[in-house]
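Worksheet: the structure to be examined is printed underneath.
The values are calculated or read from the model by the stated rules, or taken from the named source; none is laboratory data. Here the structure is a predicted model, which is why all the values come from computation and not from measurement. A quick note on method: Cβ atoms are made from the backbone with ideal geometry, for glycine too, and the neighbour counts reach across all protein chains shown. For the accessible areas, the whole protein counts, side chains as well, though only heavy atoms, and no ligand, DNA or RNA atoms are used. Shrake-Rupley method; radii C 1.70, N 1.55, O 1.52, S 1.80 Å.
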Amino acid sequence: LPRLVVPLARRRLRQLVGHLVVDAHDPALAQHIERSRRDGFRLNLNLLGEAVLGEAEAARRAERTLALLERPDVDYVSVKVSSLVSQISTWDTAGTVERVLHRLRPLYLAAAAATPPKFVNLDMEEYRDLDLTVAAFTRLLSEPELHGLEAGIVLQAYLPDSLAALEQLMDFALRRRDAGGAGIKVRFVKGANLSMERVDAELHGWAQAPYDNKADVDASYLRLLDRALVPELSGALRVGAASHNVYDLALAHLLAERRGVAGALDVEMLQGMAPAQARAVRDTVGTVILYTPVVAPADFDVAVSYLVRRLEENAQPESFLHALFAGDAADGVLPDQEARFRASVAERHVVPAERRRAPGRPRLRKRSEFSNTTDSDPALDEVREWAAACVTSAPPPVSSREMTSLDDVDDVVGRALRSHAGWSATPPAERATILRRAADELEARRSELVAVMAAEAGKTAAEADPEVSEAVDFARYYADRAEELDPAAGHASTDGARFTPTRVTLVTPPWNFPVAIPTGSVLA
């Protein structure tokens with residue numbers, strides 16, 4: 001009975017996440033804001049939503065965010081590039097930055113025009129967005145109209161690259177302060193997109209961009225706090241320590257006090273997540289900023305993905321909140337979490353800060369279990385430079401003969417058909433050798449092939465590069481299949497069982513449509 005059950009399920013889900021996600025409409029939103037301020041909390045409002053797919057949707061999201069920012073009771077909002085700009089291309093970071101600036105500029109100008117000025121925070125998402133987000137942030141705040149506006153950006157501690165990004169942002173903040181401009185804020189989080197990062201890396205054959213263990217993430221988080229909470233950055237950089245791990249928050253609070261920069265630290269937590277803990281932290285540090293997702297009732301489905309991410313994080317055995325609510329505490333002490341914290345303090349200066357991705361590719365293996373070749377990674381600056389050179393350069397000649405008539409085409413097809421007979425008679429071992437050489441040549445000529453596809457077929461680097469990988473994979477895959485053939489005993493299956501080559505019938509459920517396949521064919 002879906003018409004009865006689904007509305008009831010939606011209603012119950014709204015009840016379950018009502019303390020985590022706030023209704024974007026009044027009076028619910030206004031009441032929540034007022035109640036939170038009376039309780040001593042500031043709110044960082046984030047209009048929930050997934051990545052937009054078209055310009056019309058992007059424009060609507062930008063309008064709704066602007067309307068939220070223009071409310072008299074709202075002084076702090078978070079936005080993310082993917083929710084305001086469609087057609088984001090990592091391959092064309094420079095061009096994408098221009099589109100991002102066009103969409104973000106009205107929000108920042110509205111924030112600057114308010115009295116007092118309001119705060120806009122630029123969220124970080126996937127690893128591929130790191131360079132794009134930093135570039136858009138620094139470009140926007142370099143514009144004269146925004147010279148006096150303080151604004152913020154997020155860095156994710158689970159990315160080793162965040163340390164270099166922080167150094168870049170610190171340098172920008174100092175130059176901006178020395179020129180008479182406002183400071184900036186950097187909000188540190190540990191990272192919430194690990195599952196997607198793993199999937200993306202696996203699909204393309206890349207190394208996982210984030211650290212592969214929580215101990216390194218925790219140490220990286222403390223290193224970022226240690227590096228940013230220094231007197232030299234006074235007036236230039238404000239730090240947001242966003243966490244529910246009270247050990248981390250206590251370190252940030254005490255470190256800022258002892259170094260005389262307590263006024264440059266904001267402690268931030270999640271709306272509705274361990275509210276008693278948030279009140280205890282507020283009572284110690286003075287005020288807490290709550291990251292507060294808001295969503296219109298009509299768009300409530302997008303809150304589900306947010307809820308799943310939060311539940312996934314807190315279900316991890318290594319999570320502080322998991323330990324806090326799992327009954328592991330004895331007299332208020334969490335021995336395992338304390339040990340983890342002490343280890344992260346000790347490791348904060350030695351945890352690797354080098355990026356985990358590299359532009360090179362592993363050598364093609366000769367014989368082993370099949371694995372796909374690695375695509376080019378557009379998140380890396382040198383790869384983007386390589387791709388730009390490919391698509392803008394004149395392609396090399398691929399043939400000494402130009403076909404100008406149907407007879408020329410027929411001649412080429414005829415030669416292909418004649419060569420097929422020779423290929424059929426080629427021993428399997430020799431076929432494998434030829435195919436592996438073809439794979440090596442395709443990989444070695446990736447730049448030439450991308451250039452030709454761009455020039456002759458109008459393909460982008462994002463379209464052409466995976467097609468080269470696909471061609472390499474086909475050659476290697478069929479080389480593997482050729483090596484499995486035993487001309488003396490027939491075809492050998494992967495488990496070593498042998499059968500006499502007569503004819504194979506392929507049954508494709510659910511249609512049960514038999515297809516007779518000649519055993520001499522490649523498929524057979």
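Quick notes on this one:
- Amide H to amide H distances under 5 Å link ASN46 with SER78, THR292, VAL294, where only residues 5 or more positions off or on other chains count and H is placed in the peptide plane.
- Extension gain (nm, one decimal) between GLU354 and ARG279, 0.36 nm per residue minus Cα-Cα: 23.2 nm
- Ranked by the mean number of other Cβ atoms within 10 Å of their residues, highest first, the peptides 175-186, 442-453 come out as 442-453, 175-186.
- A probe of 1.4 angstrom, applied to the heavy atoms of all protein chains, finds ARG279 with accessible area near 110 square angstrom.
- For the chain, the tally of Lys pairs with Cα-Cα distances below 27 Å comes to 8, considering only residues 8 or more apart or on different chains.
- Dividing the convex hull volume of the alpha-carbon atoms in region 197-297 by its residue count gives 164 Å³ per residue.
- Estimated from the Cβ-Cβ distance and a Förster radius of 41 angstrom, the FRET efficiency linking GLN168 and PHE300 is about 0.60.
- Förster radius 45 Å - calculated FRET efficiency between VAL199 and ASP26 (Cβ-Cβ, nearest 0.05): 0.70
- Column: log10 I(q)/I(0), Debye, Cα scatterers of region 1-151, q = 0.15, 0.17 Å⁻¹: -0.86, -1.04
- You can think of it this way: the chain between TYR477 and GLU143 has 114.9 nm of extra reach, that is 0.36 nm per residue less the Cα-Cα gap.
- Spin-label model, ARG361/VAL5: points 7 Å from Cα along the beta carbon direction are separated by 4.8 nm.
- Per-peptide average of other Cβ atoms within 10 Å, ordering 9-16, 54-61, 76-83, 403-410 highest first: 76-83, 54-61, 9-16, 403-410
- Each principal axis of the Cα atoms in region 251-333 has its own extent, and those three values, largest first, are 47, 33, 18 angstrom.
- Quotient of C-alpha Rg and 2.2 N^0.38 Å, computed over the chain: 1.21
- When +1 charges are put on Lys and Arg Cβ atoms and -1 charges on Asp and Glu Cβ atoms, the dipole computed for region 68-177 relative to its Cα centre reaches about 240 debye.
- Accessible surface of the chain, 1.4 Å probe: 57 percent of it comes from carbon and sulfur atoms.
- For region 260-273, backbone phi angles converted through the Karplus equation (6.51, -1.76, 1.60; θ = phi - 60°) give residue-by-residue couplings of x, 10, 4, x, 9, 10, 10, 9, 10, 9, 8, 4, x, 9 Hz, Gly and Pro being listed as x.
- Student exercise, the chain dipole from Lys, Arg, Asp, Glu Cβ charges, in Debye to nearest 20: 1000
- On the beta carbon distance between ARG64 and ALA444, with R0 = 41 Å, the FRET formula returns roughly 0.25.
- Global form of region 3-60, assessed from the alpha-carbon gyration tensor, a/c cut-off 1.5: oblate
- Stretching ALA315 away from SER419 to a fully extended chain increases their span by 31.4 nm, per 0.36 nm per residue minus the current alpha-carbon distance.
- Positive dipole terminus of the chain, leading residue within ILE33, LEU101, HIS420 (C-beta point charges): ILE33
- Counting DSSP beta bridges with both ends in the chain, the antiparallel % (nearest 5): 25
- Measuring nothing but alpha carbons in region 392-458 and taking Rh as the Kirkwood radius, the Rg to Rh ratio lands at 1.06.
- Average accessible surface area per residue within the chain, 1.4 Å rolling probe, Å²: 52
- Listed residues TRP423, TRP91 arranged by accessible area, highest first, probe 1.4 Å: TRP423, TRP91
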